[in-house]
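Okay, structure first, notes after.
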Amino acid sequence: MIKALVFDVGGVLHSYDSDKRKAYLAGSLGVDINVMQKFWKDQELRLFELGKISEKQLWQQAHDRYGTRMVGDDEDLFGKSFEKVIKVDNEMTSLVKSLRGGRYKLAVLSNTCGPDAKVNAPILSLFDQAFLSCRIGYKKPAREVYEYAFGKLGVQPDEAVMIDDRDDNVAGAKYIGMQAIKFEGVDRLCQELAKLGVKW
């Protein structure tokens with residue numbers, strides 16, 4: 001019996017244009033897009049998403065390694081770049097709202113950094129709990145991140161459904177015994193949820 005529904009954010013609850021974001025940051029930082037492509041693969045960005053370093057430290061590393069301009073403490077450059085490239089899926093937020101009411105525990109499980117989480121606050125407010133990599137120190141598809149989520153939700157793995165747009169994250173959830181659905185649009189999701197007996 002399903003007791004909890006766990007949603008990814010990017011690619012599920014909103015669309016996200018990574019290339020457009022990189023181009024915006026490259027222009028803001030005064031570097032070529034190829035530099036930003038390299039920066040995107042750096043370990044520092046992974047540490048930022050895990051909450052291990054601050055945004056100030058992230059930009060200092062970019063300056064030292066690639067010669068980007070210094071970013072002021074109050075610029076919120078990362079968050080602003082995120083705001084420019086996301087589009088909330090209103091059909092999905094309507095579905096989430098229809099699932100509220102106590103029948104299921106609703107949660108977000110997202111690989112994200114602090115500035116992006118701040119931008120996502122209106123979406124996160126729809127859920128009972130939000131498990132974010134920058135707060136819990138783990139990223140999907142690591143086993144620990146799923147265990148943390150269903151542990152905090154107080155359910156068994158097979159009582160929770162993970163909804164994600166990435167194959168590796170879906171596979172990670174299934175590996176530890178969660179139900180998991182690859183997101184391929186709201187209509188398909190509703191069909192898959194209905195097969196699991198989820199009602200809304």
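Nothing in this text is a laboratory measurement; each read-out follows from the coordinates by a stated rule. Everything numeric in this text was worked out from a predicted model, so none of it was measured. All Cβ positions, glycine included, derive from the backbone under ideal geometry; neighbour counts span all protein chains shown.
About the centre of its Cα atoms, the range 48-200 shows a dipole size close to 260 debye [charges on the beta carbon of Lys, Arg (+1) and Asp, Glu (-1) only; nearest 20 debye]. Per-residue Karplus couplings for the range 108-118, computed as 6.51 cos²θ - 1.76 cosθ + 1.60 with θ equal to phi - 60°, are listed in order as 10, 10, 9, 7, 7, 9, x, x, 5, 4, 5 Hz, Gly and Pro entered as x. Once phi is turned into θ = phi - 60°, what whole-Hz ³J(HN,Hα) does the Karplus curve with 6.51, -1.76 and 1.60 give for every residue of the range 32-47, x standing for Gly and Pro? Taking θ as phi minus 60°, the curve returns 6, 4, 5, 5, 5, 4, 5, 4, 5, 9, 5, 4, 4, 5, 5, 5 Hz for the range 32-47.
Under a 5 Å amide H cut-off, with hydrogens placed 1.01 Å from N, Thr112 pairs with Ser133, Cys134 among residues at least 5 apart or on other chains.
If the chain between Tyr175 and Asp73 were fully stretched, how many nm would it gain, using 0.36 nm times the residue separation less the Cα-Cα distance?
32.6 nm
Of the peptides 140-151, 51-62, the order by per-residue mean of other Cβ atoms within 10 Å, starting with the highest, comes out as 140-151, 51-62. In sequence order, the range 143-151 has phi-based couplings of 3, 4, 5, 6, 4, 4, 5, 6, x Hz under the Karplus curve 6.51 cos²θ - 1.76 cosθ + 1.60, θ = phi - 60°, and Gly or Pro positions carry x. Summarising the amide proton neighbourhood of Val161: residues at separation of 5 or more, or on other chains, whose placed amide H is nearer than 5 Å comprise Ala4, Leu5, Val6.
Look at the dipole of the range 1-105 built from charges on Cβ: of Val31, Gly10, Gly72, the Cα furthest out on the positive end belongs to Gly10. Rg/Rh for the chain (Cα atoms only, Rh after Kirkwood) is 1.00. For the residue pairs Lys84/Lys199; Lys38/Lys152; Lys87/Lys174; Lys22/Lys199; Lys56/Lys87; Lys22/Lys118, alpha carbon separations beyond 30 Å are given by Lys84/Lys199; Lys38/Lys152; Lys22/Lys199. Its Cα centre serving as origin, the range 136-175 has a Cβ charge dipole (Lys and Arg +1, Asp and Glu -1) of approximately 140 debye. At q = 0.19, 0.22, 0.24, 0.31 Å⁻¹ the log10 of I(q)/I(0) for the range 129-173 amounts to -0.55, -0.74, -0.89, -1.32, computed by Debye summation with a single uniform scatterer per C-alpha, solvent ignored. What number, in nm² with one decimal, is the all-direction average of the projected area of the convex hull of the alpha-carbon atoms of the range 18-83? Taking a quarter of the hull surface, the average projection is 4.0 nm².
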